[in-house]
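J.: One structure, as structure tokens, below. Some questions next.
What follows draws every value from the coordinates through simple rules; no lab data is involved. In this text, all values refer to a predicted model and were calculated from it rather than measured experimentally. Cβ coordinates were reconstructed from backbone atoms using ideal geometry, including for glycine residues, and neighbour counts include every protein chain displayed.
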């Protein structure tokens, strides 16, 4: 009888944990302006290190919340004023197993730090529109940020 009680408590705790994760996800999505995406958090092993989650657009920021986490705060905050997309590619190698076939990987630079994010091909257009729709800046403050392709040659 004691074993059944312990198993029952474990099952209830597991269900409560799953409910909390589901409820947190619903709260994040209720505000609108959310997309599904993956962010590469580790580059130690080629093709690995991707973390699925939700991206939430808040003003000039894209806030990345991990999918299977109870944290209220985002794991990463990307500011569009300091972000540029350098390359667009399809998933390769082990990446093809961890993300849907219609997803695209964007190699970005944010504040001088390289970052890879992956999202659905249909979401990329909206993401790039958001990225380009930033407020005007002082032309001498930062170099222009290319959306695709190589950086402009410096003369």
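J.: May I ask you to derive the FRET efficiency for residue 16 and residue 36 from their Cβ-Cβ distance with R0 = 22 Å, giving the value to the nearest 0.05? The partial results should precede the final answer.
T.: Values: r = 25 Å, r/R0 = 1.13.
Rounded to the nearest 0.05, the efficiency is 0.35.
J.: Kindly state, as a whole number, the per residue volume in cubic angstrom of the convex hull around the alpha carbon atoms of the stretch 49-108.
T.: Per residue, the Cα convex hull of the stretch 49-108 comes to 99 Å³.
J.: Expressed in whole Å with the largest first, what are the equivalent ellipsoid semi-axes of the chain derived from the C-alpha gyration tensor as the square root of 5 times each eigenvalue?
T.: 37, 18, 13
J.: Between residue 125 and residue 1, 0.36 nm times their residue separation minus their Cα-Cα distance comes to what?
T.: 38.8 nm
J.: Tell me, in nm to one decimal, what length is gained between residue 132 and residue 107 on full extension, where the rule is 0.36 nm per residue of separation less the Cα-Cα distance?
T.: 7.4 nm
J.: Also, I was wondering about something else. Using just the helices of the chain, give the 222 nm mean residue ellipticity in deg cm²/dmol: DSSP H runs with n ≥ 4 each add -39,500 (n - 2.57), and the total is spread over all residues, rounded to 500.
T.: For the chain, the value works out to -9500 deg cm²/dmol.
J.: What length, rounded to one decimal in nm, is gained on full extension from residue 26 through to residue 81, with 0.36 nm per residue of separation minus their alpha-carbon distance? Before the final figure, lay out the partial values.
T.: Numbers: separation 55, 0.36 × 55 = 19.80 nm, distance 2.84 nm.
Stretched out fully, the residue 26 to residue 81 stretch lengthens by 17.0 nm.
J.: Among 105-117, 25-37, what's the highest-first ranking by average C-beta atoms within 10 angstrom per residue?
T.: My ranking of the peptides, most packed first, is 105-117, 25-37.
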